[in-house]
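Structure first, then comments.
Rule-based calculations on the coordinates, nothing more; no lab input. Every value quoted in this text rests on a predicted model; they were computed, and no experiment measured them. Because the Cβ atoms are built from the backbone with ideal geometry, glycine has one as well, and the counts that use them run over all protein chains shown.
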Amino acid sequence: MQIRDCMKRNVVSISASATIGQAAARFASRRVGTLPVVDQAGHLVGILQMRDIMTLIMPDFVNLLEDFDFVHDFGVLETQHPSTETTGRSISEIMRPPIYVEETSGLLRTFSLLHKHSLTDMPIVNNEKVLVGIASLVDIGAALLSQWRNVEQKT
């Protein structure tokens, strides 16, 4: 099975010229955790994850803690708003280099790359590197598990 057999084709992406504020709004309104960053021709130029933006408002001490199970409530810190200086910055400052697979890639290759790069979603491109889909860990796992011969089929 190839990744194009289980990918989502309706991809929520964002332009490379967008601001961090625009990306935050897109994450919130579309309820996605990964935004492929594309140029005007639809070529994948980067990847932005919700956690990349969340770390901008995360208190510095959280990064220093190894065990914060004892913190039950971060209180007022959870309602902090980033400055307009932060939200006005370009996403190109925080986006990651493009990580992707081609639509003809296998499921295990895609799963392995997701794991290696600690991603939850993998952008899928065609042979011209144009974004054509996205596949999550759940998409891949469900496709692999559905092929098991001894899995009960319940509807």
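Below is a table of values for the structure above.
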| item | result |
| --- | --- |
| Residue-by-residue Karplus 3J(HN,Hα) for segment 128-134, coefficients 6.51, -1.76, 1.60, Hz, glycine and proline x | 9, 6, 8, 5, 10, x, 8 |
| Kirkwood Rh, Cα atoms: Rg over Rh of segment 1-51 | 1.00 |
| Proxy reagent accessibility, fewest Cβ within 10 Å first, across M50, M1 | M1, M50 |
| Amide H contacts of A16 (H built 1.01 Å from N, under 5 Å, at least 5 apart or other chain) | V38 |
| Sorted by Cβ neighbour density within 10 Å, fewest at the top, the residues S118, S146 | S118, S146 |
